[in-house]
Amino acid sequence: MMPHLPWFARIALFATTSFSLVAATVAIHRLKATPSDAIPLSSRLETLPEPAPADSPSAPGESLRPVNVGPGDHVMFGGTIHRNMVNLREKGVPDNFDPEGPRLLWKAQLGSRAYGGPIVVNGRVLVGTNNESPRNPRDTDKNGEPADKGILMCFDAQTGKFLWQAVHDKLPSGQVNDWPKEGLCSTPVVEGDRVYYVSNRCTVVCADLQGMANGLQGRPLRGIDPKTGKQIDYDSPTDADILWEYDMIKELNVFPHNMSACSPLLVGDILFIVTANGVDEGHINIPSPEAPSFIALDKKTGKLLWKSNAPGKNIMHGQWSNPVYANIDGTRQVIFPGGDGWLYSFVPETGELLWKFDCNPKDAVYELGGTGTRNDFIGTPVVYKNRIYIGVGQDPEHTTGIAHFFCIAPKKDSRGDISKYLEVRMKDAEGKEKIGEKPNPNSHELWRFGGVDDRKWAPRDFRFGRTMSTACVVDDIVYISELAGFLHCLDANTGKHYWSFDTKASIWGSPYYVDGKILLANDQGELFIFRHLKQHEVYDEVAAAQNLTDRKAARAAMLAVRKQVSDKYLLAKIEFDTHIRSTPVVANGVLYVMTEKSLYAIKCGN
């Protein structure tokens, strides 16, 4: 694709923006099953925690979070190491409310972009944003204008008082590695007083949750004074205290495309990271194909434990998803989404490759400009009852397109390629070689939703579009949203489609279950609250119009089905101050909603 705004930076989304499509096509190279580059672990590493028998955050009684955090805290992206957007603890979440009304506990000003967080832990709230509303006059230029920086902000959870910030300068290489004004996009994970995140500079950072309040335990960040151009320490009372920092560009030759955005996974003593290695500005060449896409670090020291460049030369664009942990009948594994559209499962301690899964049809093609049929990942895999749930997508500048949502059921002894199909080469009628597929006897795909929709009156030619969202799975029901604004409800065991709802604006966040409700925000700044039910009927608007011959009558039948869905499931649509490109969370009796410029704390209960 031609030089463009990254997926983090879209203000005018596909509904209102036209794009210049480039006809060139990238040949898709198939991955070889090669082991990762393993480095032996230190004997100091702790044993990984045992999950509950259900191996699902939807089951009560699991220990799937870091230690030394409050029982009601929201400590990482997805809440637990299974990344399932489900909260079974909190109650009293209101069906409807005024964001500026009596339930508002406090509201904090952020920058002009906010994608990372919110994380709520040990009395603190952490969010990633930019410096467009500077908290420190030091971070402005000679004219008093905000200097462009990535910011991790920390607030007091009870009062909303600003406490401290980690200030990261932009990379000198510019937009190809660190897009202007996008701030810090990583959602941190917290254990005790240690905050782990990935900065906009492609560094993995361990910071003190208390900032400078308990004295300098590590070191301050360093940067360039925007007024003098000289290097200075960021060591004011409201600056961050950095315990260690691992530079993936310097140490591993990683070439992040546009932004480093991974939300780290912390399991036991090991921190797992997707590095963001990707293409250059021309969007064809991969400057560092040998650089790792996935790494594991010692959480105490930042020491590299192992690395893998499994996607290698097959990276399509960037790598902005997050890893997830699973324990499949005693086989511990960490699962990484690759920039080549494959999922990879590794032994957490060593980086040995266990299995891989292709989330694209074998004849799918990635095309510059996003018009192709091959996708990678923005959303994060979810683990529920020993199954993996994941949808594919692309940079949202590529808009929507045909995609799939998968349920994969690995076994304890699953090894090698567990995709549904294996690739075969064949000749067409003209004798030209083409890519085909044949059934894989080693497949562990349980079901997939999506693909072509060629039914009469279908509003588009596919069932499921590209997604940036992470699923929530509860009571054997899957909720997953699309970039195009649709929320889908599916049977988690069979993939049966129950209903969908059109929010009529792009969705960058994820559906979130809490207190019998599904919360979902969109790019119009609207928070939708849906009723969750354990049993569902099928509402298929296209099927309702199949026997009709008149377009007007068909549309009326489809609108009637949409109204049925809305009447049964929609509880409220609440308008906030601007775009919401994050996922609402509830922690310790408070609903946190982060728009692009504000963080709202809304009281739950009476």
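The values are calculated or read from the model by the stated rules, or taken from the named source; none is laboratory data. From a predicted model like this one, the values you see are computed outputs, not experimental measurements. Using ideal geometry, Cβ is built from the backbone for each residue, glycine included, and neighbour counts are taken over all protein chains shown. Only protein heavy atoms, including side chains, enter the accessible area calculation; ligands, DNA and RNA are left aside. Shrake-Rupley method; radii C 1.70, N 1.55, O 1.52, S 1.80 Å.
Taking region 535-588 on its own, how many of its residues are under 26 Å from the mean Cα position of the chain (by Cα), at pLDDT 95 or above and of a type in the set (D, E, K, R)?
3
Show me the strands (runs of 3 or more DSSP E) found entirely inside region 151-210 where at least 1 residues are touching a residue at least 60 places away in the same chain (Cβ under 8 Å) and closer than 22 Å to ILE224 by Cα.
162-169, 194-198, 203-208
Condition first: in a strand (DSSP E or B), within 27 Å of TYR592 (Cβ to Cβ), out of contact with any Leu (no Cβ under 8 Å at 6 or more places or on another chain) and without any contact (Cβ under 8 Å) to a residue 24 or more places away in the chain. Can you find one or more residues in region 511-533 that meet it?
no
Residues HIS257, HIS283: which one is touching a Gly at 6+ places or on another chain (Cβ under 7 Å) and either in contact (Cβ under 8 Å) with a residue 12 or more places away in the chain or of a type outside the set (Lys, Arg) (or both)? First the steps, then the outcome.
Working: HIS283 fails: touching a Gly at 6+ places or on another chain (Cβ under 7 Å).
Unique residue meeting the criteria: HIS257.
Against the definition (open to solvent by 10 Å² or more (accessible area, probe 1.4 Å) and part of a loop (DSSP other than H, G, I, E, B)), how does LYS142 come out, yes or no?
On the way: open to solvent by 10 Å² or more (accessible area, probe 1.4 Å): yes; part of a loop (DSSP other than H, G, I, E, B): yes.
Judged against the criteria, LYS142 is a match.
Within region 343-355, which residues are in contact (Cβ under 8 Å) with a residue 60 or more places away in the chain, within 23 Å of SER288 (Cβ to Cβ), open to solvent by less than 10 Å² (accessible area, probe 1.4 Å) and in a strand (DSSP E or B)?
LEU343, PHE346
Checking VAL424 against (1) in a strand (DSSP E or B); (2) surrounded by 16 or more Cβ atoms within 10 Å (Cβ to Cβ): exactly one of these is not met. Which one?
Only one criterion in (1) in a strand (DSSP E or B); (2) surrounded by 16 or more Cβ atoms within 10 Å (Cβ to Cβ) is unmet by VAL424, namely (2).
Considering only residues that are open to solvent by 10 Å² or more (accessible area, probe 1.4 Å) and not in a loop (DSSP other than H, G, I, E, B), look in region 222-243 and name the one that is farthest from VAL120 (Cα to Cα). First the steps, then the outcome.
Within region 222-243, the first condition is being open to solvent by 10 Å² or more (accessible area, probe 1.4 Å), and the residues that meet it are 222, 224-233, 235-238, 243.
Imposing the further condition that a residue be not in a loop (DSSP other than H, G, I, E, B) reduces the set to 222, 224, 231-233, 243.
Numbers: ARG222: 27, ILE224: 31, GLN231: 33, ILE232: 31, ASP233: 28, LEU243: 20 Å.
Checked region 222-243; the qualifying residue farthest from VAL120 (Cα to Cα) is GLN231.
Among the residues of region 534-587, how many are part of a helix (DSSP H, G or I) and open to solvent by 30 Å² or more (accessible area, probe 1.4 Å)? Steps first, answer last, please.
From region 534-587, those part of a helix (DSSP H, G or I) are 541-544, 551-569; that's our starting set.
After this cut, where a residue has to be open to solvent by 30 Å² or more (accessible area, probe 1.4 Å) as well, the list is 541, 543-544, 551-553, 555-556, 559-560, 562-564, 566-568.
Of the residues in region 534-587, 16 are part of a helix (DSSP H, G or I) and open to solvent by 30 Å² or more (accessible area, probe 1.4 Å).
Assess whether LEU490 counts as being touching a His at 6+ places or on another chain (Cβ under 7 Å), aliphatic (A, V, I, L, M) and open to solvent by less than 10 Å² (accessible area, probe 1.4 Å). If you could, list the steps in order and put the result at the bottom.
Numbers: touching a His at 6+ places or on another chain (Cβ under 7 Å): yes; aliphatic (A, V, I, L, M): yes; open to solvent by less than 10 Å² (accessible area, probe 1.4 Å): yes.
Yes; evaluated as a whole, the condition is true for this residue.
Six or more apart or on different chains, Cβ under 7 Å: which pairs go from a residue in region 99-116 that's in contact (Cβ under 8 Å) with a residue 40 or more places away in the chain and closer than 14 Å to LYS149 by Cα to one that's outside any loop (DSSP other than H, G, I, E, B) and of a type in the set (S, T, N, Q)? Could you list them?
Matching pairs, first to second residue: LEU110/THR129; LEU110/SER598; GLY111/THR129; GLY111/ASN130; SER112/ASN130; ARG113/THR129; ARG113/ASN130; ALA114/THR129.
Considering only region 51-86, how many residues are on the phi > 0 side of the Ramachandran plot and at pLDDT 95 or above? Explain how you work it out, then say what you get.
The initial filter retains those residues of region 51-86 that are on the phi > 0 side of the Ramachandran plot, namely 55, 61, 68, 78-79, 83.
Keeping just the survivors that are at pLDDT 95 or above gives 78-79, 83.
Adding up the residues that qualify gives 3.
From the list GLU290, GLU251, pick out the single residue that is without any contact (Cβ under 8 Å) to a residue 40 or more places away in the chain and not in a strand (DSSP E or B). Write out each step before concluding.
Working: GLU251 fails: without any contact (Cβ under 8 Å) to a residue 40 or more places away in the chain.
That would be GLU290, the only listed residue that is without any contact (Cβ under 8 Å) to a residue 40 or more places away in the chain and not in a strand (DSSP E or B).
For ILE507, work out the one condition from (1) open to solvent by less than 10 Å² (accessible area, probe 1.4 Å); (2) closer than 23 Å to VAL86 by Cβ; (3) out of contact with any Gly (no Cβ under 6 Å at 6 or more places or on another chain); (4) aliphatic (A, V, I, L, M) it doesn't fulfil.
So the condition that ILE507 fails would be (3).
Can you name the condition, by its number, that VAL382 falls short on among (1) surrounded by fewer than 23 Cβ atoms within 10 Å (Cβ to Cβ); (2) touching a residue at least 40 places away in the same chain (Cβ under 8 Å); (3) on the phi < 0 side of the Ramachandran plot?
(1)
Could we say that ARG89 is open to solvent by 20 Å² or more (accessible area, probe 1.4 Å), among the basic types (Lys, Arg) and assigned to a loop (DSSP other than H, G, I, E, B) here?
Details: open to solvent by 20 Å² or more (accessible area, probe 1.4 Å): yes; among the basic types (Lys, Arg): yes; assigned to a loop (DSSP other than H, G, I, E, B): yes.
Yes; evaluated as a whole, the condition is true for this residue.
Are any residues in region 385-400 open to solvent by 10 Å² or more (accessible area, probe 1.4 Å) and either modelled with pLDDT of 90 or more or in a loop (DSSP other than H, G, I, E, B) (or both), and if so, which ones? Show your work before the answer.
So the first thing to find is which residues in region 385-400 are open to solvent by 10 Å² or more (accessible area, probe 1.4 Å), and the list is 385-387, 397, 399-400.
Listed by number, the residues that qualify are LYS385, ASN386, ARG387, THR399, THR400.
Residues are listed down the side, and each one gets a yes or a no for (1) free of Cβ contacts under 8 Å to residues at least 60 places away in the same chain; (2) surrounded by 21 or more Cβ atoms within 10 Å (Cβ to Cβ):
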| position | (1), (2) |
| --- | --- |
| ALA409 | yes, no |
| ARG415 | no, no |
| GLY436 | no, no |
| SER443 | yes, no |
| TRP447 | yes, no |
| ARG466 | no, yes |
| SER469 | no, yes |
| ASP475 | no, no |
| GLU482 | no, yes |
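Out of PHE336, PHE272, PHE294, which single residue is touching a Ser or Thr at 6+ places or on another chain (Cβ under 9 Å), modelled with pLDDT of 95 or more and more than 23 Å from LYS420 (Cα to Cα)?
Details: PHE336 fails: more than 23 Å from LYS420 (Cα to Cα); PHE272 fails: touching a Ser or Thr at 6+ places or on another chain (Cβ under 9 Å).
Of the residues listed, the single one that is touching a Ser or Thr at 6+ places or on another chain (Cβ under 9 Å), modelled with pLDDT of 95 or more and more than 23 Å from LYS420 (Cα to Cα) is PHE294.
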